[in-house]
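Enquirer: Take a look at this one; I'll ask things after.
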């Protein structure tokens with residue numbers, strides 16, 4: 001089940017679904033989870049020097065037995081001399097070239113001189129150490145500075161993007177579209193994993209029911225409808241399979257001599273269609289996402305029995321102390337009066 005690709009502005013074809021090795025995997029041995037992702041069918045592995053696990057990604061790629069040209073490898077610059085940094089990443093990954101090398105964040109540019117750093121990225125590509133170059137977590141000001149150099153335009157800008165924060169990235173997304181910069185979205189599943197029970201939940205559930213998929217698949221469909229490359233991660237094989245099924249998810253109708261349609265697949269008794277979202281469904285997700293994530297319920301004493309008991313114990317202790325002070329004063333006063 002091959003993952004489809006999209007064309008970058010330099011002509012290279014990037015798989016539209018990537019397995020990420022950051023997040024909870026930072027600094028950990030990811031050999032097994034990357035091997036699992038490759039076995040499941042992922043062909044795009046997203047890493048970074050700052051994740052401190054490139055050597056494990058390299059081990060998994062080597063153990064997979066897959067040909068180098070069958071795997072798209074992305075990693076990211078995290079500071080220091082750019083040429084030294086890319087060679088270090090190549091050595092840890094155990095490959096001679098990268099498919100995509102990104103500047104991980106503008107805040108990793110020590111002196112803020114993005115123009116000089118970008119010149120070095122261009123040289124790295126020219127030396128054949130990477131096929132494509134791009135950026136990550138860049139806002140519009142940084143992107144404008146690169147484009148104004150009049151040299152190579154970044155092929156990719158990878159950002160934290162999901163339906164709840166989509167509107168806040170509008171200027172960046174429009175700028176990227178204007179300059180043919182592909183947006184890679186990580187953290188797409190935040191409405192499910194980080195912000196459950198929000199205004200998106202019923203929308204995702206309704207669309208998932210229509211296409212016969214899951215809410216996670218609906219979010220990926222939304223992202224792909226926007227033209228985004230999705231970077232996702234999980235340690236569970238069942239989730240990997242669920243994510244990959246989004247590529248070829250289909251709905252079906254009973255075949256009838258009274259129905260004439262153009263289907264992707266036709267069997268003796270059914271028509272099958274790729275389950276893409278309608279423009280109306282994409283717009284509905286945008287609208288629900290624009291409402292923002294759910295606001296966490298304010299914790300109150302009455303809503304938390306353990307907290308209530310703690311406050312009662314404190315109050316009782318204070319009461320006992322005050323009572324003891326008052327009693328002592330009365331006793332002292334009584335003793336003094338008796339002495340007179």
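Nothing in this text is a laboratory measurement; each read-out follows from the coordinates by a stated rule. Just so it is clear, the structure is predicted and the values come from calculations on it, not from any experiment. Every residue, glycine as well, gets a Cβ built from its backbone with ideal geometry; the counts of neighbours run over all protein chains shown.
Enquirer: What number, in percent, do you get for the relative contact order of the stretch 96-213 if the mean sequence gap of Cα pairs under 8 Å and at least 6 apart is divided by its residue count? Could you put the intermediate results ahead of the total?
Expert: Details: 136 pairs, mean separation 25.2, N = 118.
Relative contact order here is 21 percent.
Enquirer: Listing 138, 175 from the residue with the fewest other Cβ atoms within 10 Å to the one with the most, what is the order?
Expert: Numbers: 138 25, 175 17.
Listed from fewest to most nearby Cβ atoms, that is 175, 138.
Enquirer: When 105, 116 are ordered from fewest to most other Cβ atoms inside 10 Å of their Cβ, what list results?
Expert: On the way: 105 18, 116 12.
Ranked by crowding around the Cβ, least crowded first: 116, 105.
Enquirer: Compute the distance from the alpha-carbon center of the stretch 127-190 to that of the stretch 25-64, in whole Å.
Expert: Spelled out, the Cα-based centre of one part sits 24 Å from the other.
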